[in-house]
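The values are calculated or read from the model by the stated rules, or taken from the named source; none is laboratory data. If you're wondering where the values come from, they're calculated on a predicted model, not measured in any experiment. When we count neighbours, we look across all protein chains shown, and the Cβ atoms used for this are built from the backbone with ideal geometry, even at glycine.
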């Protein structure tokens, strides 16, 4: 397609200021009203000027024909306009005097939520001849494919997965109801909903954490917050699409944590407590993530209001890497400390497993929030969205579970020793330190694994997965140790009895 040259009068010349005088083509050009570096019109044509994208990102190769009408060699670069700035995309090459050359330019287009978008571009030589042009992007076909994928995910795949999870949970609940725990009538359907329940105030608080009424309140506000964030984030989408994103993200965030929660209950092989204990810790993890959301955002807000001694991007990274682990691990361990007052919390294995349950509950809600609030499935691409869902569902869930589990094991170990039992809460200090340290390392390795490759944002499976695999292996070793320790304690108690 031929693109006719537009005449440029002196009064209508676009004004630019070079950001750098060292480079022939700086990374950025900014519009200015008073100064101009433009010397005239560049003789150039580009094809095509209208594209149809069926995937995101969309890579299109354009043919550019440029004629050098001067008797000297010139270099040519391509810029794209973003707001009032032109950003360098590529340096095309050199043209000799009076030479006409054709270049092939691959341009990557990203969907920005607009069905038809007209982008502005500019070719410029090192002697400041300029040619502006526009490229119209049509995303109709991509949108249809993406919306169809969301429909299938929301109405077919998610319901099937949800039904399978409900079936598995029903079997687990049935198995749990067939078992007997504690003293006669101590853990029945009646005590499940009873307020307050327990011999001491500490036990009453611990039992309240395992009460479905408390769970319902926590889950109500957790779901409400996610819905509010989703509806405010995706303002360009209709309500059906918003609900589809919420449903798909919820089921995706739930699968791995629910399976791990079930394994957590069955993993207590010597003295399995009621299922309500593990579920209660799981739901408390959701509550901790809910509170952490507000505290983290409050710190970000206050940091943004403070004096700009540190760039905002750097401040955000510091808060995410350093402040978030402190807040989140403190909230998780606070709940574990409350539940440790229960008389059933009496050995290292209990602490390890209940801490793990809190961590995976926290990860479940954090992942759900991330899937709907930090990652638009249409602008990021459905395939990228799914890959990040799978990645975070495995690695983030395991990591958060391990952080708290190690601290819980220390609490349980101290509580199981008669000499240390009066002071077992002091184990929270090193436990919190270890949890924060591991979380800090986890965040650092996650940042190291986020790289830009040719404009594509990709996760390189290197530091972060290796770290999570390492602490998961340590968790397994810790589980074996805790199980052996519990077995010895039970044998000792039977001998004394």
Requested in this report: Answer yes or no: is there a residue in the stretch 200-211 that is more than 17 Å from residue 282 (Cβ to Cβ), loosely packed, with under 13 Cβ neighbours inside 10 Å and modelled with pLDDT under 95.
Outcome: yes
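Would you mind stating whether residue 91 is exposed (fewer than 12 other Cβ atoms within 10 Å of the Cβ) and over 15 Å from residue 56 (Cβ atoms)?
On the way: exposed (fewer than 12 other Cβ atoms within 10 Å of the Cβ): no; over 15 Å from residue 56 (Cβ atoms): yes.
Criteria not met by residue 91.
So for the stretch 3-26 (the condition being at pLDDT below 90, touching a helix residue (DSSP H, G or I) at 6+ places or on another chain (Cβ under 9 Å) and surrounded by 12 or more Cβ atoms within 10 Å (Cβ to Cβ)), does at least one residue qualify?
So the first thing to find is which residues in the stretch 3-26 are at pLDDT below 90, and the list is 3-26.
Those left that are additionally touching a helix residue (DSSP H, G or I) at 6+ places or on another chain (Cβ under 9 Å): none.
No, the stretch 3-26 contains no residue that is at pLDDT below 90, touching a helix residue (DSSP H, G or I) at 6+ places or on another chain (Cβ under 9 Å) and surrounded by 12 or more Cβ atoms within 10 Å (Cβ to Cβ).
Restricting attention to the stretch 371-383, does a residue exist that is surrounded by 23 or more Cβ atoms within 10 Å (Cβ to Cβ) and either modelled with pLDDT of 95 or more or under 30 Å from residue 423 (Cα atoms) (or both)?
First pass over the stretch 371-383, keeping only residues surrounded by 23 or more Cβ atoms within 10 Å (Cβ to Cβ): 371-372, 377-378.
Keeping just the survivors that are either modelled with pLDDT of 95 or more or under 30 Å from residue 423 (Cα atoms) (or both) gives none.
Within the stretch 371-383, not a single residue is surrounded by 23 or more Cβ atoms within 10 Å (Cβ to Cβ) and either modelled with pLDDT of 95 or more or under 30 Å from residue 423 (Cα atoms) (or both).
Would you confirm whether or not the stretch 232-243 contains a residue that is surrounded by 14 or more Cβ atoms within 10 Å (Cβ to Cβ), assigned by TED's automatic domain parsing to the domain that holds residue 363 and under 27 Å from residue 188 (Cα atoms)? Even if it seems obvious, please write down each step before you answer.
Within the stretch 232-243, the subset surrounded by 14 or more Cβ atoms within 10 Å (Cβ to Cβ) is 233-234, 237, 241-243.
Now narrow it down to the ones that are assigned by TED's automatic domain parsing to the domain that holds residue 363: 233-234, 237, 241-243.
Then keep just the ones that are under 27 Å from residue 188 (Cα atoms); that gives none.
Looking for residues that are surrounded by 14 or more Cβ atoms within 10 Å (Cβ to Cβ), assigned by TED's automatic domain parsing to the domain that holds residue 363 and under 27 Å from residue 188 (Cα atoms), one finds none in the stretch 232-243, hence no.
Got at least one residue in the stretch 404-422 being assigned to a helix (DSSP H, G or I), exposed (fewer than 15 other Cβ atoms within 10 Å of the Cβ) and in contact with a helix residue (DSSP H, G or I) (Cβ under 8 Å, 6 or more places away or on another chain)?
Pass one, the stretch 404-422, residues assigned to a helix (DSSP H, G or I): 404-415, 421-422.
Right, trim to exposed (fewer than 15 other Cβ atoms within 10 Å of the Cβ) and you get 421-422.
From what's left, in contact with a helix residue (DSSP H, G or I) (Cβ under 8 Å, 6 or more places away or on another chain): 421.
Checking the stretch 404-422: at least one residue is assigned to a helix (DSSP H, G or I), exposed (fewer than 15 other Cβ atoms within 10 Å of the Cβ) and in contact with a helix residue (DSSP H, G or I) (Cβ under 8 Å, 6 or more places away or on another chain).
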**Report entry** Flag if residue 172 is within 30 Å of residue 386 (Cα to Cα) and either surrounded by 13 or more Cβ atoms within 10 Å (Cβ to Cβ) or touching a residue at least 24 places away in the same chain (Cβ under 8 Å) (or both)
**Finding:** yes
Requested in this report: Return yes when residue 154 is farther than 25 Å from residue 50 by Cβ, surrounded by fewer than 16 Cβ atoms within 10 Å (Cβ to Cβ), in contact with a helix residue (DSSP H, G or I) (Cβ under 6 Å, 6 or more places away or on another chain) and touching a residue at least 40 places away in the same chain (Cβ under 8 Å) and no when it is not.
Outcome: no
Query raised in the report: Among the residues of the stretch 331-346, how many are within 12 Å of residue 416 (Cα to Cα) and under 34 Å from the mean Cα position of the chain (by Cα)?
Result: 2
Report summary line: The helices (runs of 4 or more DSSP H) lying entirely within the stretch 201-314 that contain at least 2 residues which are under 20 Å from the mean Cα position of the chain (by Cα) are 212-233, 239-266, 275-305
Query raised in the report: Quick one: is residue 197 surrounded by 13 or more Cβ atoms within 10 Å (Cβ to Cβ) and closer than 30 Å to residue 116 by Cβ?
Result: no
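Among the residues of the stretch 224-236, count how many are in contact with a helix residue (DSSP H, G or I) (Cβ under 8 Å, 6 or more places away or on another chain) and free of Cβ contacts under 8 Å to residues at least 12 places away in the same chain.
Qualifying residue count, the stretch 224-236: 1.
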Report summary line: Subset of the stretch 51-72, residues touching a strand residue (DSSP E or B) at 6+ places or on another chain (Cβ under 7 Å) and either exposed (fewer than 13 other Cβ atoms within 10 Å of the Cβ) or assigned to a strand (DSSP E or B) (or both), comes to 51, 52, 58, 59, 60, 61, 62, 63, 64, 65, 66, 67
Query raised in the report: Of all the residues that make up the stretch 73-85, how many are assigned to a loop (DSSP other than H, G, I, E, B) and under 21 Å from residue 104 (Cα atoms)?
Result: 1
Query - Some residue of the stretch 178-188 being surrounded by 13 or more Cβ atoms within 10 Å (Cβ to Cβ), in the same structural domain as residue 396 (by TED's automatic domain parsing), touching a residue at least 60 places away in the same chain (Cβ under 8 Å) and part of a helix (DSSP H, G or I) - result: no
Report task. State all residues of the stretch 94-111 that are in contact with a helix residue (DSSP H, G or I) (Cβ under 9 Å, 6 or more places away or on another chain) and surrounded by 18 or more Cβ atoms within 10 Å (Cβ to Cβ); if no residue qualifies, say none. Result -> 111
